[in-house]
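Undergrad: Submitted below is the structure of interest, expressed as structure tokens.
The values are calculated or read from the model by the stated rules, or taken from the named source; none is laboratory data. Keep in mind the model is a prediction, meaning the values are calculated, not measured. Heads up, the Cβs are rebuilt from the backbone with ideal geometry, glycines too, and the neighbour counts pull from every protein chain shown. What goes into the accessible areas is simple: the full protein's heavy atoms, side chains included, and nothing from ligands, DNA or RNA. Shrake-Rupley method; radii C 1.70, N 1.55, O 1.52, S 1.80 Å.
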Amino acid sequence: MPDPLSGLRIVELGQGVPAAATTRWLADLGAEVIKVEPPTGDPTRRRGPFPDAGRGPEQSGLFLGLNAGKRSIVLDLETPTGTAELASLLERSHGLVHNIAPSIAESLGLDGVALRARYPHLVATSLTPFGASGPYRDYAAEELTSTNAAGWCWLSPGALTETERPPLKTFGHQADFHGALAAATATLAALYRARQTGDGEAIDLSIREAVAASLEIGFIGYTYMGVIATRHGVRGLNPWHIFDCQDGKIFLATIEADQWERLVEFMGNPEWAGLEIFSDFPARARNADALQTFVQEWVASWKVDELFHEGQRRRICFAPVLDIAGVAQEPHLAARDFFKTVETPGMGPVRLPGHPANWGATEVRPRGPSPALGELTQLPAGDRIAARPDVTPSRPLEGIRVADFSWVWAGPFGAMQLAHLGAEVIKFESPTRSDIGRRLAVFRRDQEPGLNRSGYFNQWNQGKKSVELNLSHPEAADLVKRIVSKCDVVIENFATGVMDRLGIGWEALREVNPRLVFASISGYGSSGPYADYMGYGPAMGPLSGLSHATGYVGGGPRETGISVGDPVAGMTAAMAICGGLVERDRTGVGRFLDISLWEATTATALEAWLPHAIRGEEPERMGNRDPEMAPHGLYPTLGDDAWISIACPSDAAWQELAHAMGPNVVSDPRFATQNGRKTNEAALDRLVADWTASQDRWELTTRLQTRGVAAFPSLTPQDLANDPHLEARGFLERLEHPEVGAMTHAGIPWRLTSGPNGVVRPAPLLGQHTDAVLEELLGLSPNQITDLRAQGLLG
């Protein structure tokens, strides 16, 4: 059977992580990816980690992890010959993914408007830190800049008791990977439309916005309640903590009341658990320190593996805080064949994390090692691709219908991306047990709570319709089958096996619709020894090795600030669905897609994995530092808990910063070279911190950006909600909602050059579209709908 993206040619242009990660996932699915490199090669060839045997351009672990299965061609775009050859290549390709700075892209004719004019057939995606428009578009930025500008660092690590600690970056280029998932999703959707219409699109994606759209309740908590979420204090749900066992650390989270009750029973119903101070979630939050002490005393008697499995048997969300060696040895990941071994000329066999989504019977894996620099000595053959004239611009997925059986965050987040891309998304909700998101206490301060008023639900369900349907009713399965027969996609994130028990699982629904693309999202996936385990998003940092790698210098493992597994898995599902639609366009047959929060998160934890894969070592816990850059960190500024991120990727950038700091810094020999700055990093960080401490964060950002230094404040949710750049790009959405009015929500991280932009409609009221959907799709009369409601089938 051909690979899902067989026959597609994608050109990758840029350097570093974002574009390379985007196209690596497309290459895994069978696309031919041509990586265009400058004569000096992609900088990741020089970043490592490297094996003991050498440090050549074909021996970088990071380059391998990002570029396995691609081919490399060297084009010097500073010469007429290089630009002409690129133009010829683009004429013969279906897609382009690049992360070239906007001003440089414009000078090369690679901005969205120019690309649409010259290559109307082409799907071109630009992913840059701030996007191609807005007042910050030309700001210098590293991944540290993006993650602070997006507000993630401000929330990390969460429940922090050391008030003097700065915001903490999650290990690796996590913001870039979030941006890459969003870029791959939008690119595949546009490729689906291009195959249907012959018309391409130019997509402008902001990495910052991809992250800012994923902040759990951080952003929406401010816009609805005026609460500025922070990394300090205690969580609202307790116990939620990393505890110490006899032989390691384990994560525990109790999200609902019945989980707390099962935990109390598991602990033997200790007398302290019946105290009034632990009677409900608010009481446990007020007394979190005492609660953690009691739970820690009990946990300390256990070994990690025993507590993990026994707790999960009782449906309690325990998860080991795994180091990378522990992840590598997990039998569940082995049973699902997650890791893939790549044979490389320079390093021998290297075991890498697999694709973020499991494609079932189709093995999705790198199609070979990473390419040697310039291994293609001439342009690959191919005919010019013609565009069809006079195609009406549209969103990529217009005409696609999605049945959304998801709730809480991961599934709704994934389905929302499909709505953003133009699909009609119909959310099916229970009249007896509403989505937890509708009940979470994120309500306007001037309103009574209600099922249509939670900011949490209203954020993650924008653009959808709602049908109130009792899935436990004996007639529900037949009604669902009638509806799904007229749908293209099903997405669900119930516990493993629930959809099958309801009679509406993959096997049942493919019978009525063989063209159906069905995406199932769960903590551990639908197969393997842990398939029935409870897997919330917060547990995925510990399970993937990210928590073990993340932490302050000299400290222990930390959480990741947001429930990273949920948005990563949700966007992975959207990406896989768009790929499934592209495949279906060729084969006429649908596909089952199995998305595991654990696997999706581990796939984006590539940099934590590589030292183990290449050298047998664990990644170093380095706070906000970088393996090579210095300075690279968060530094205090004037005001209470105000910070600025500064990163210098080169000697030239350091010289600009040093000149801003003063002549004594410029002349200090300790910091003249990159090696010198890394050797004296502690002294350098103190020097920079002393200099920034008396300065305003925004004024300093402007001064340093004028010099080309990657500097930006660590933003709070309040900062984001009032950010002029996000406003200018249309990211902040304020659609009128029937009950809560025009509240501010995080919007769409990409902008289309030709098609329409912006969220189509606010989140739906419960059951708002029940009658209309049944009338339009099934032709039911009002009387028939009334009868179904009287039978208890509809809400």
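Undergrad: Using only alpha carbon pairs under 8 Å that are at least six residues apart, calculate the relative contact order of the chain and give it in whole percent.
TA: The normalised contact order for the chain reaches 18 percent.
Undergrad: Roughly to the nearest percent, how much of the accessible area of region 201-339 is carbon and sulfur, given a 1.4 Å probe?
TA: 51 percent
Undergrad: What shape does region 316-423 take by its C-alpha gyration tensor, where a ≥ b ≥ c are the square roots of the eigenvalues and a/c under 1.5 counts as rounded, a/b above b/c as prolate, and the rest as oblate?
TA: oblate
Undergrad: Express the accessible area of the chain per residue in Å², computed with a 1.4 Å probe while the remaining protein chains stay in the model.
TA: Ligands and nucleic acids excluded, the result is 35 Å² per residue.
Undergrad: Take the solvent-accessible surface of the protein heavy atoms, probe 1.4 Å, and return the percent of it on region 593-684 that carbon and sulfur atoms account for.
TA: 50 percent
Undergrad: Of the labelled options [x] 174; [y] 320; [z] 157, which one gives volume of the Cα convex hull per residue in Å³ as computed for this structure?
TA: Given [x] 174; [y] 320; [z] 157, the structure-derived one carries the label [z].
Undergrad: Continuing with the same structure: Mind running the shape call on region 440-594? Use the C-alpha gyration tensor, a ≥ b ≥ c as the square roots of the eigenvalues: rounded below 1.5 for a/c, prolate if a/b tops b/c, oblate otherwise.
TA: Taking the square roots of the gyration eigenvalues as a ≥ b ≥ c, region 440-594 is oblate.
Undergrad: Could you rank the peptides 735-741, 529-535, 550-556, 539-545 by their average count of other C-beta atoms within 10 Å per residue, with the highest value first?
TA: 539-545, 529-535, 550-556, 735-741
Undergrad: Need one word for region 403-475: rounded, prolate or oblate. Basis is the Cα gyration tensor (sqrt eigenvalues a ≥ b ≥ c); a/c below 1.5 gives rounded, then a/b vs b/c decides.
TA: oblate
Undergrad: With respect to the cross-link table entries Lys427/Lys486; Lys303/Lys340; Lys249/Lys303; Lys249/Lys678; Lys427/Lys481, which display a Cα-Cα separation exceeding 21 Å?
TA: Lys303/Lys340; Lys249/Lys678
Undergrad: Filter the DSSP H helices in the chain by two things, a Kyte-Doolittle mean of at least -1.0 and an axial alpha-carbon span of 20 angstrom or more, and list the hits by number.
TA: Length and hydropathy pass: 174-197, 565-587.
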